[in-house]
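Asker: Structure in structure tokens, see below.
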Amino acid sequence: MTPSAGTPAAEAAATETFGAIRVLPGPGEVVGVAHPVVVEYIAPVVNRKAAERTVAITTSQSTTGEFTWLDDATLEWKPTGYWPAHDRIEVRAGGLKTEFSTGAAVVSVADIDAHTFTLEVDGEVVREMPASLGKPGFETPVGDFTVLEKQRNVVFDSRTIGIPLDDPEGYLIDGEFGVRVTWGGVYVHSAPWSVDAQGSANVSHGCINLSPENAEWYFDMVRVGDPVTVQA
């Protein structure tokens, strides 16, 4: 739990800055409902608990969450579950302030065994798409993720996951409509080469393959911070 903005605890804590230099999301941004709050400091923070007490979050609904230190100078706070959709959030941290908004609750579920990728918007299923996920030896990781970035054009290079180009599994592909869900290289993306397998077999190197039409539609629908769940 964090102290609510405007309480004596929050106001007292906010007098200590700990060298906070940036709070994300930035002012005016519209993000997905799973987007974390990130506080960056100019130097390593020794008293982490005291720094955490400077973080005060205000939403239209009571929202709980937990802190994680990504490194000695970067603090992350994630809500339990999701932020309220279509809401404005105010964050005060280390003497800094930001206000950002959430969009619709755009929630995606990739089902490995069913070979599907389903999108819900504000609790309503709007499209179930045939998909192809990671083949044996290159399985798509199971778990809860968030959209980290969107790349209209992206180069998929097997060397980034340790596979030489001259390996039978090597590849160097100019891809489109890439929606990154892990920094390790898992994307939802257009894969015209696997359309025949989408909906029936898993043939990728770990990414979630969609048809060009579905990938473009999904790319246009999601924001950074939208949740993506992969299930078996």
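The values are calculated or read from the model by the stated rules, or taken from the named source; none is laboratory data. Model, not experiment: these values are computed from the prediction. Here Cβ is always computed from backbone atoms with ideal geometry, including for glycine, and neighbour counts include all displayed protein chains. These accessible areas exclude ligands, DNA and RNA; they are computed on the full protein's heavy atoms, side chains included. Shrake-Rupley method; radii C 1.70, N 1.55, O 1.52, S 1.80 Å.
Asker: What value in Å³ per residue do you get for the convex hull of the alpha-carbon atoms in the chain? Working shown, then result.
Answerer: Working: hull volume 30.2 nm³, N = 232.
Normalising the Cα hull of the chain by residue number yields 130 Å³.
Asker: Quote the relative contact order of the stretch 20-102 in percent (integer), defining contacts as alpha-carbon pairs under 8 Å separated by 6+ residues. Mind dumping the intermediate values first?
Answerer: Numbers: 170 pairs, mean separation 34.1, N = 83.
The value is 41 percent.
Asker: Sequence gap at least 6, Cα distance under 8 Å: using those rules, report the relative contact order of the stretch 159-232 to the nearest whole percent.
Answerer: On the way: 76 pairs, mean separation 17.7, N = 74.
Relative contact order comes out at 24 percent.
Asker: Using the Kirkwood radius over C-alpha pairs as Rh, can you work out the diffusion coefficient of the stretch 20-102 via Stokes-Einstein at 25 °C, viscosity 0.890 mPa s, in µm² per second? Can you show the working numbers first?
Answerer: Numbers: Rh = 12.7 Å.
Translational diffusion coefficient: 193 µm²/s.
Asker: Another question, if that's okay. If you roll a 1.4 Å probe over the stretch 20-102 with all protein chains in place, what percent of the accessible area is carbon or sulfur? Display every interim value, and only then the final one.
Answerer: On the way: 1960 of 4000 Å².
Ligands and nucleic acids excluded, carbon and sulfur reach 49 percent.
Asker: Percent of accessible area on the stretch 106-230 owned by carbon and sulfur, 1.4 Å probe?
Answerer: Carbon-and-sulfur percentage of accessible area, whole number: 50.
Asker: Next question, about the same structure. Once both labels are modelled 7 Å past Cα along the beta-carbon direction, what's the Val126-Leu24 spacing in nm?
Answerer: It works out to 2.5 nm between the two label points.
Asker: How far, in degrees from 0 to 90, does helix 212-221 lean away from the longest principal axis of the Cα atoms of the chain, to the nearest 10?
Answerer: It is inclined by approximately 10 degrees.
Asker: In nm, to one decimal, how far is the Met221 label point from the Val142 one, both placed 7 Å along Cα→Cβ?
Answerer: Label at Met221, label at Val142, 2.4 nm between them.
Asker: Another question, if that's okay. Counting pairs of alpha carbon atoms under 8 Å apart in space and at least six apart in sequence, what relative contact order in percent does the chain give? List each step's numbers first, then the result.
Answerer: Details: 588 pairs, mean separation 48.0, N = 232.
Once normalised by length, the contact order is 21 percent.
Asker: At a Förster distance of 45 Å, what's the computed FRET efficiency of Asn153 paired with Asp72, Cβ-Cβ distance as r, to 0.05?
Answerer: 0.80
Asker: Now a separate question. Once phi is turned into θ = phi - 60°, what whole-Hz ³J(HN,Hα) does the Karplus curve with 6.51, -1.76 and 1.60 give for every residue of the stretch 62-72, x standing for Gly and Pro?
Answerer: Each residue of the stretch 62-72 in turn: 4, 10, 9, x, 9, 8, 9, 8, 6, 7, 5 Hz.
Asker: Follow-up question, since we're still on this one. In whole angstrom, how far apart do the alpha carbon centroids of the stretch 23-55 and the stretch 88-105 sit?
Answerer: Centre-to-centre distance over Cα atoms comes out at 10 Å.
Asker: Can you list the HN-Hα couplings for the stretch 130-147, worked out from phi with the Karplus curve (6.51, -1.76, 1.60; θ = phi - 60°), rounded to whole Hz and with x for Gly and Pro?
Answerer: After applying 6.51 cos²θ - 1.76 cosθ + 1.60, I find x, 9, 10, 10, x, 7, x, x, 9, 4, 5, x, 8, x, 9, 10, 10, 5 Hz.
Asker: Before I look further, what does the chain give for accessible area per residue, probe 1.4 Å, in whole square angstrom? Numbers along the way, then the final one.
Answerer: Values: 11230 Å² over 232 residues.
Per residue, the chain has an accessible area of 48 Å².
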